[in-house]
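Here the structure is laid out as structure tokens; the discussion comes afterwards.
The values are calculated or read from the model by the stated rules, or taken from the named source; none is laboratory data. Because the structure is predicted, anything quoted here is derived from the model rather than measured. Every residue, glycine as well, gets a Cβ built from its backbone with ideal geometry; the counts of neighbours run over all protein chains shown.
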Amino acid sequence: MVAHLIPAIPFLAFVINILFGRKIKKVSAFVSILACGVSLCLSIYTFASLLKGHGSYTLFKWLIFGSTSLNVGVIVDPLTCMMLLVVTIIGTLIQIYSIGYMKDDPRFSRFFAYMSLFMSSMLGLLLADNFIILLIFWEGVGLCSYLLISFWFEKISAAKAGMKAFITTRIGDTGLLIGVFILFFSAHTVHFSGLTAISNANPLFTAAALLIFCGAVGKSAQFPLHVWLPDAMEGPTPVSALIHAATMVAAGVYLVARCFGLFLAHQPALIWVAYVGAATSIFAATIAAVNNDIKRILAYSTISQLGFMMIGLGVGGYSAGTFHLMTHAFFKALLFLCAGSIIHSIHAQDIRRMGGIFQKMKITGTTFVIASLAISGVPPFSGFWSKDEILSESLRSGHPYLFMIAMATSLLTAFYMFRLIFLVLFGKPRSELHPYESPKVMTIPLAILAIFAIFIGLVGSPFMHNAFQTFIHPGPPENSEGLAPNYLVMLLSTLAAALGIAAAYLFYMLNNKILPLEIRNKFTLLYNLLYNKYYIDEIYEFLFIRPSIRLSRLASKFDSGVIDGAVNACAKAVVVLSRIKSWIDRYIVDGAVNMTAGIVGLSSLVLRRVQTGYIQTYLLIAFFGLVLIIFIKLIGG
């Protein structure tokens, strides 16, 4: 029972680095890497404990709502253990790589502090046994992505990208939160263990599943909430590798897999998962095919591959979707780190300026090719086995359009990846760039990830008796048809990959100047549509951003003109009334009081003069008084 320590160790590293980073400086990298390494060891121990029969456990009872109690516990099952190993292995290698990539950055220690917090949040998310704890770490992942995407906040583009990611994912998170509320008030549970019991046809539960999927759409950058991920390339490349491979975007797919029992019991929601994934996969692949930024090509590749995973889960292929999630993490981390190695060397990202880099960067180039072969689904690399399983599941699902879209995406993936390879690594240099190989602290992680990119897929292949599928599946074993290899699909997927690579070679090696230009000129409208990313950003700008800005300005004017005007008018009225009150108080109330006091004072002066102390004076006054009384009496008759 040590699984709960797995996210705690990186969090401790975050606290140390954020408090003492300025003093320990470069040692902060060692602190973060050590913490991640310890979490890796604990993850291996947790995996071994699971194999021995030890599973989930409760830490303490947190809250009680009527008859419903909320326990804080740790979920330890095959999905969690698989993801823990993937995240800690890749996270450790990326942080080692970051020592070389970030060595001259003035905020070196802060970078590693944020990376540790990112790791802690993702690991906590994986271990949460209920939606409430998951939401806490879910938002932690979102916060860390904002901090790291906008890490170089001096660049306006980086600051805007961080804000865009934060706001866009909040839209999906709102749906997730509402879905959790529906589950709590309708099913009286927020624990993942209770989801399997929700099997009735209540439309509320279907709505809850779809709303939970909204959270996954935001985090995993699925259409239409995909727009933040390409802009996230403004952050340091190791951040991009961690986001795309093991943390942020993986969280959405993990959420669907974690709630798979709920989706499986409510098929309309599951079909939505499949078709949103299919639309996203082909949509992003077509954009990647014409993009010229090395990191953005990989970003759209990630969006497409995440859509591919959603297809697998959406057609009921739980093991297929999670298998591709695992293999993709390794080769996508490798792709981004290779891209980072090239950017670190030549300080450029436009692939049209590159060429012939392989001669100067053989380790980076070789590992880049290996990762590209893996993502293209070329046998026997890891991506072949996981992609083939998704294709097989989509074919068996009875949705032929899903299979056709998945196959077309596979072809496009091979095309745009080898377009990237041929333009960057081979051919003649197209500008005065001077590439050089990265230091060993950066190339050793590349070599290790390349080994995973080649061999990790074998754990789900027939050569190892589909060990991954046997380990990962929830509930009863999947039927033998699902585990048996589909040789027709294998052949078709291999042909699709070969065709994509051949087309890229024809376009960018044999006719690298003539043919692409001819096709671009012939299909100008289509090219412009793809190059401008289907104008989605412009559409959002027109439909949402500009109206929001106009509305905010109108609200500001209303606030300053009407609300503030009314408040200020009231304030002025109060001031005028207070001045009138002051005048009345001073000249009428105080005047009357002062006049009375004056009269009394004057009377006292007169009376004091009369009071002389002589008897003669008093007799004289008495005499005059008597005369006055007699006179008045006589006049009055």
- request: Please specify each residue of the range 339-382 satisfying the condition of being assigned to a helix (DSSP H, G or I) and basic (Lys, Arg).
  value: 352, 353, 362
statement: Filtering the range 224-257 down to residues that are charged (D, E, K, R) and buried (at least 24 other Cβ atoms within 10 Å of the Cβ) yields 234
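When you scan the range 537-618 for helices (runs of 4 or more DSSP H) that lie fully inside it, which ones turn up with 3 or more residues that are of a type outside the set (D, E, K, R) and either on the phi > 0 side of the Ramachandran plot or at pLDDT 90 or above (or both)?
Numbers: elements: 546-558, 564-583, 590-610.
Fully inside the range 537-618 and qualifying: 546-558, 564-583.
Out of contact with any Ser or Thr (no Cβ under 8 Å at 6 or more places or on another chain) and either among the hydroxyl-bearing types (Ser, Thr, Tyr) or in contact (Cβ under 8 Å) with a residue 40 or more places away in the chain (or both): does that describe residue 238? Don't jump to the end; show me each part of the working.
Values: out of contact with any Ser or Thr (no Cβ under 8 Å at 6 or more places or on another chain): no; either among the hydroxyl-bearing types (Ser, Thr, Tyr) or in contact (Cβ under 8 Å) with a residue 40 or more places away in the chain (or both): yes.
No.
Quick one: would you say residue 135 is of a type outside the set (Lys, Arg) and either touching a strand residue (DSSP E or B) at 6+ places or on another chain (Cβ under 7 Å) or surrounded by fewer than 21 Cβ atoms within 10 Å (Cβ to Cβ) (or both)? Steps first, answer last, please.
Values: of a type outside the set (Lys, Arg): yes; either touching a strand residue (DSSP E or B) at 6+ places or on another chain (Cβ under 7 Å) or surrounded by fewer than 21 Cβ atoms within 10 Å (Cβ to Cβ) (or both): yes.
Here the answer is yes, as residue 135 does meet what is asked.
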- prompt: Going by the structure shown, is residue 370 in the same structural domain as residue 462 (by TED's automatic domain parsing), closer than 22 Å to residue 293 by Cα and modelled with pLDDT of 95 or more?
  reply: yes
message: Could you go through the range 142-157 and let me know if any residue there is more than 30 Å from residue 440 (Cα to Cα) and either within 15 Å of the chain's Cα centre (by Cα) or among the aromatic types (Phe, Trp, Tyr) (or both).
response: yes
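Of the residues that sit in the range 471-495 and are of a type in the set (S, T, N, Q) and at pLDDT 90 or above, which one is farthest from residue 390 (Cα to Cα)? Before you say what the answer is, go through the steps one by one.
First, pick out the residues of the range 471-495 that are of a type in the set (S, T, N, Q): 479-480, 486, 493-494.
Okay, now just the ones that are also at pLDDT 90 or above, so 493-494.
Details: 493: 11, 494: 14 Å.
So, considering only residues that are of a type in the set (S, T, N, Q) and at pLDDT 90 or above, the one farthest from residue 390 (Cα to Cα) is 494.
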query: Somewhere in the range 229-251, is a residue within 13 Å of the chain's Cα centre (by Cα) and more than 30 Å from residue 450 (Cα to Cα)?
result: no
- prompt: Does at least one position in the range 24-45 carry a residue that is touching a residue at least 40 places away in the same chain (Cβ under 8 Å) and either of a type in the set (D, E, K, R) or on the phi > 0 side of the Ramachandran plot (or both)?
  reply: yes
message: So in the range 290-302, with the set limited to residues that are among the hydrophobic types (A, V, I, L, M, F, W, C) and surrounded by 21 or more Cβ atoms within 10 Å (Cβ to Cβ), which one is farthest from residue 352 (Cα to Cα)?
response: 299
- prompt: So residue 263 clears everything in (1) more than 20 Å from residue 145 (Cβ to Cβ); (2) in a loop (DSSP other than H, G, I, E, B) except one condition, right? Which one?
  reply: (2)
query: Which of the residues spanning the range 52-64 are surrounded by 11 or more Cβ atoms within 10 Å (Cβ to Cβ), of a type outside the set (Ser, Thr, Tyr) and not in a loop (DSSP other than H, G, I, E, B)?
result: 59, 61, 62
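Going by what's in this entry, would residue 627 be described as at negative phi, part of a helix (DSSP H, G or I), under 57 Å from the mean Cα position of the chain (by Cα) and of a type in the set (Val, Ile, Thr)? Full working, then the answer.
Working: at negative phi: yes; part of a helix (DSSP H, G or I): yes; under 57 Å from the mean Cα position of the chain (by Cα): no; of a type in the set (Val, Ile, Thr): yes.
So residue 627 fails the test.
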message: Quick test of your reading of the structure: residue 165 fulfils all but one of (1) in contact with a Phe, Trp or Tyr (Cβ under 6 Å, 6 or more places away or on another chain); (2) under 24 Å from residue 70 (Cβ atoms); (3) among the small types (Gly, Ala, Ser). Name the failing condition by number.
response: (2)
